[in-house]
1. Once phi is turned into ³J(HN,Hα) by the Karplus curve 6.51 cos²θ - 1.76 cosθ + 1.60 with θ = phi - 60°, what whole-Hz value does each residue of the range 93-100 show in order, with x for glycine and proline?
2. Say each of R133 and A271 gets a label point 7 Å from the Cα, pointing the same way as Cα to Cβ; how far apart are those two points in nm?
3. Check G56: other-chain or 5+ apart residues with amide H under 5 Å from its amide H, H built from backbone geometry?
4. According to the Cα gyration tensor, what semi-axes, each the square root of 5 times an eigenvalue, does the equivalent ellipsoid of the range 257-301 have, listed from largest to smallest in whole Å?
5. Return, for the Cα atoms of the range 179-306, the radius of gyration and Dmax in Å, separated by a comma.
6. What do you get for the angle between helix 314-325 and the principal long axis of the chain? Use alpha-carbon atoms, 0 to 90 degrees, nearest ten.
7. Pairing the Cα long axis of helix 152-161 with the longest principal axis of the chain, what angle in degrees results, from 0 to 90 and rounded to the nearest 10?
8. Run through the range 1-92 and list the trypsin sites (Lys or Arg not before Pro) located in a DSSP loop whose Cβ has at most 12 other Cβ atoms within 10 Å.
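Every number here is computed from the coordinates shown, using simple stated rules; none is lab data. Computed from a predicted structure; not experimentally measured. Methodologically, a virtual Cβ is constructed for each residue, glycine included, from the backbone with ideal geometry; neighbour enumeration extends over all protein chains shown.
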Amino acid sequence: MTIGQRHLFCPGPTPIPEMVRRAMNVPAEDHRAPGFGDLGRDIAQGLRQIMRMEGGQMFLFPGSGTAAWEAAITNTLSPGDRVLMARHGHFSELWAQMAVRLGLDVELIDVAWGAGIPVKEIERRLGADKDDRIKAVFVTHNETATGVTSDVAAVRRALDMNFHDALLFVDGVSSIGSIEFRMADWGVDLAVTGSQKGLMCPAGVGILGVSDKAMEAAKHATMRRAYFEFADMVRLQADGHFPYTPPIPLLHGMRAAVDLLLAEGMDNVIARHARMAGGVRAAVQAWGLEMVAEHETLFSDTVTAIRTPMHIDAREVISIAHDELGASFGGGLGRLAGRVFRIGHLGWVNEGTLAGALSMAEMAMWRAGMDIELGAGLASAQRYWSDGKRRDRPRVVESTPIAAQ
Ligand SMILES: *Cc1c(COP(=O)(O)O)cnc(C)c1O
């Protein structure tokens, strides 16, 4: 047993604000009662602002982000439809696997884990697709496994430049609510997220923003679906009621979390995440370690994946942090297992949270035998966060005892 607080420094689930936890402490409730509908409606309204969405439908499916992936596919596509996607990390790989399992004809572009989505290649394939066989392009906005953020707007431009009609699917599970996400401006047709990352709640709700174009596609899509049927869910937008029993306490938490984000203001939320990430990256640089992300333009502001030297198994660093320090870091996923550990910096986080994370990471790496100078990364982050914030004071040349003044 760990005495004192355990710390969660993984990129999801993320720390739950005290206010959100309290909001979830509710007695059982009748979800068919008049007035209950306000809850779902309030959340959907708030999420629209967070995603910068216009028109379309916002759905909250009991389930996780993965459920929302499935809902997006089964409602808008038909068996055998061709979809284009890049594979550049564990989550894009899993999404591709799901698409194959559901019977889609998946055209994959494999790039290095650590690269962003290959916009030029996507553009080329869309250009070559003269008879519009590609029905959808899937983009993992923020690859949580590699700490890479890709340019969704560039994919929209590639579609538009080719006058291509494919739907644009975006996995925003570790970006929405933390970094810039512009559903309307980017012409995203299906935006997927979950409740336990940027939205600071427990897992349990899969969130799906659906454009009018995707709602239209849903009328003709023939893939089988039942629980995740959009048509059954449309009432959520109208009167806030669910077709089945929703996770009620979690919804109360989500409303509180959405309120917190909107009270802070999305521009401030985005700026805070950029600032937090900058401190973490300053620390990684001071440690002399490599990030998985190949280039600084790809660095994610919500998660940093850090490579350990060849002779150090990252799993050992993670288990030391967990067992000896009560701190959880993210592990290397898929082919990065043992090579990488990840620090999440999204959601309810500030300098204090991350100073703790960096300090624990240093201790764990040092204890694992790595050549780390204790305090070096932390100091570097402290300097980054304090840059330009030092008060200007006249230099005191000679100090006079206060009593003598
Ligand atoms: C966490 C995550 C998922 C999976 O979401 P679950 O809620 O665990 O089902 C999918 N995509 C990305 C990018 C993620 O970070």
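1. Taking θ as phi minus 60°, the curve returns 5, 5, 5, 5, 4, 4, 4, 5 Hz for the range 93-100.
2. 5.0 nm
3. D212
4. Numbers: eigenvalues 145, 23, 11 Å².
The answer is 27, 11, 8 Å, longest axis first.
5. When restricted to Cα atoms, the range 179-306 yields Rg and Dmax of 18.5, 55 Å.
6. The angle comes out near 60 degrees.
7. Approximately 40 degrees, to the nearest ten.
8. Details: sites: R6, R21, R22, R32, R41, R48, R52, R82, R87; in loops: R6, R32, R52.
Here the sparse-neighbourhood loop sites are R6, R32.
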